[in-house]
Amino acid sequence: MTNSVQHLSIHNLPWPVDWAGVFGAARPLIVEIGFGRGAYLRHLSQKYPDSGIVGLEISNRCLQSAERMMAREGLYNVRVIHATAETALAHLFEAGTVSQIHINFPDPWFKTDHHHRRLMRAANVALLISRLRPGGALFLATDIQEYAELTDTLLSQVDGVENLLPQPWTHDMPGRTPTKYETAARREGRMCYYFAYRRTDAPVAHIPVNKELEMPHAVLHVPLSLPEIAARFAPIKAAREDVHLHLMQAFLGESSMLVEAHIGEPTIRQHVMIGIYRYAGGTEPDTYTVQISTIGQPRATLGAHFAVCLLRDWLLTLHPEVRLLHQKVQEQP
Ligand SMILES: C[S@@+](CC[C@H](N)C(=O)[O-])C[C@H]1O[C@@H](n2cnc3c(N)ncnc32)[C@H](O)[C@@H]1O
């Protein structure tokens, strides 16, 4: 029997998500980042039966086991999404719409050259706070003192939140349902550090939700065959604004050529195929359309537009008679 359930991911959800539609009614939104085994998702679901609980994870194993738990236990008010927290918060949630955010035992990334991967860094803290509604709360737990100190520094210095505790953190949160990491930390004698902050009415950095654009395309007259175009291809690296592009290699087919591309943007990284397709609709021979292939569930970000422009610009260099016929691309943020 085939499993026809569509797993929710940053690639198949609309940007932003209509959460009332997802949960069947407008509910306060509670987000848990990196839910691991999912014990805390269950706890949130039961403690807040009228809320919509959204779990964000990057581990497929965790997602699958949470989905099984949700089905087995009938956790009707929980949805889990395959996405990094950074990407999901930027693309799926409007500013000021989340009631609670929970972060339990985030990966510490101990090595200095891995610090940029930490969830708790200034840009992410601004994003987290921007997603909370005034009065909304941010909870974090860790068993790593250095991470606790970092969290304290970041949260105590940022505008728009107040500490709900009389001290930077507490070592005990009575009534908590322990997570897997928490249980292990306590068993191994490590102290836990708990944070509880609330968003105030003070203004915070406005970070608008990152919406999807229309898919880009460009149509060109190129007096060369597809094999001739493919033979001239060499990898191209480029950066535009804060987008990093890498056109890596070309694959030649019957009526198209696909270019494998990496598109790195501050909020999302995509690995896509950009096609150069022989254009069937036009009257001119040697007409090609450049557009993102549907392989790999690409999303029409600004970076995707820049990538199509990069391939278009390369085609324009191939022959003196290449002409741009029409296009739908965005070249500026
Ligand atoms: C140390 S484990 C903690 C798991 C669970 N919260 C607990 O306390 O037992 C960190 C979890 O965060 C997930 N994770 C790591 N980076 C993430 C990110 N950027 N966005 C969402 N989840 C992430 C990992 O897959 C892992 O399940």
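The values are calculated or read from the model by the stated rules, or taken from the named source; none is laboratory data. Everything quoted here is computed from the prediction, not taken from an experiment. Cβ atoms come from the backbone with ideal geometry, glycine included; neighbour counts cover every protein chain shown. When the accessible area is computed, the model is the full protein with side chains, heavy atoms only, and any ligands, DNA or RNA have been set aside. Shrake-Rupley method; radii C 1.70, N 1.55, O 1.52, S 1.80 Å.
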Seminar exercise, completed: Dividing the mean separation of Cα pairs under 8 Å (6+ apart) by the residue count of the chain yields a relative contact order in percent of 15 percent
Problem set entry | Cα-projected label distance for residue 71 with residue 191, points at 7 Å along beta-carbon direction, nm | 4.4 nm
Seminar exercise, completed: Per-residue accessible area, 1.4 Å probe, largest first, puts 7, 43, 91 in the order 7, 43, 91
For this session: Please determine, in degrees from 0 to 90 and to the nearest 10, the orientation of helix 60-73 with respect to the longest principal axis defined by the Cα atoms of the chain, where the helix direction is its Cα long axis.
Result: 60 degrees
Problem set entry | Per-residue HN-Hα couplings for segment 245-257 [Karplus 6.51, -1.76, 1.60; θ = phi - 60°; Hz; x = Gly/Pro] | 10, 9, 8, 9, 7, 10, 10, 9, x, 5, 10, 7, 10
Exercise. Angle between the Cα long axis of helix 302-316 and the longest principal axis of the chain, 0 to 90 degrees, nearest 10?
Worked result: 20 degrees
Exercise. So what are the ³J(HN,Hα) numbers for segment 41-54, from phi and the Karplus equation (6.51, -1.76, 1.60; θ = phi - 60°), rounded to whole Hz, Gly and Pro as x?
Worked result: 4, 4, 4, 5, 4, 6, 6, 10, x, 9, 9, x, 9, 10
Exercise. What order do 251, 105 take when sorted by accessible area (1.4 Å probe), most exposed first?
Worked result: 251, 105
For this session: Collect residues whose amide H, placed 1.01 Å from N in the peptide plane, falls under 5 Å from the amide H of residue 300; neighbours closer than 5 in sequence don't count.
Result: 213
Seminar exercise, completed: Most packed first (mean Cβ within 10 Å per residue), the peptides 290-302, 107-119 order as 290-302, 107-119
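Percent of accessible area on the chain owned by carbon and sulfur, 1.4 Å probe? Let's see the in-between values first.
Details: 8680 of 16460 Å².
Carbon and sulfur: 53 percent of the exposed surface of the chain.
Could you report segment 19-199's accessible area per residue, 1.4 Å probe, as an integer in Å²? Walk me through the numbers on the way to the answer.
Details: 8190 Å² over 181 residues.
It amounts to 45 Å² per residue over segment 19-199.
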Exercise. By DSSP, what percent of the beta bridges with both residues in the chain are antiparallel, rounded to the nearest 5?
Worked result: 70 percent
For this session: Calculate one ³J(HN,Hα) per residue across segment 289-295 by plugging θ = phi - 60° into the Karplus curve 6.51 cos²θ - 1.76 cosθ + 1.60, and present them in order as whole Hz with x for glycine and proline.
Result: 9, 9, 7, 6, 6, 7, 4
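For the chain, what is the convex hull (Cα atoms) projected area averaged across all directions, in square nanometres? Provide the component values of the computation, followed by the final result.
Values: hull surface 83.5 nm².
For the chain, averaging the hull's shadow over all directions gives 20.9 nm².
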For this session: Would you look at the GNM of the chain, springs on alpha carbons closer than 10 Å, and say which of 12, 104, 60 moves the most?
Result: 60
Exercise. Accessible area, 1.4 Å probe, largest first: how do 70, 173 sort?
Worked result: 173, 70
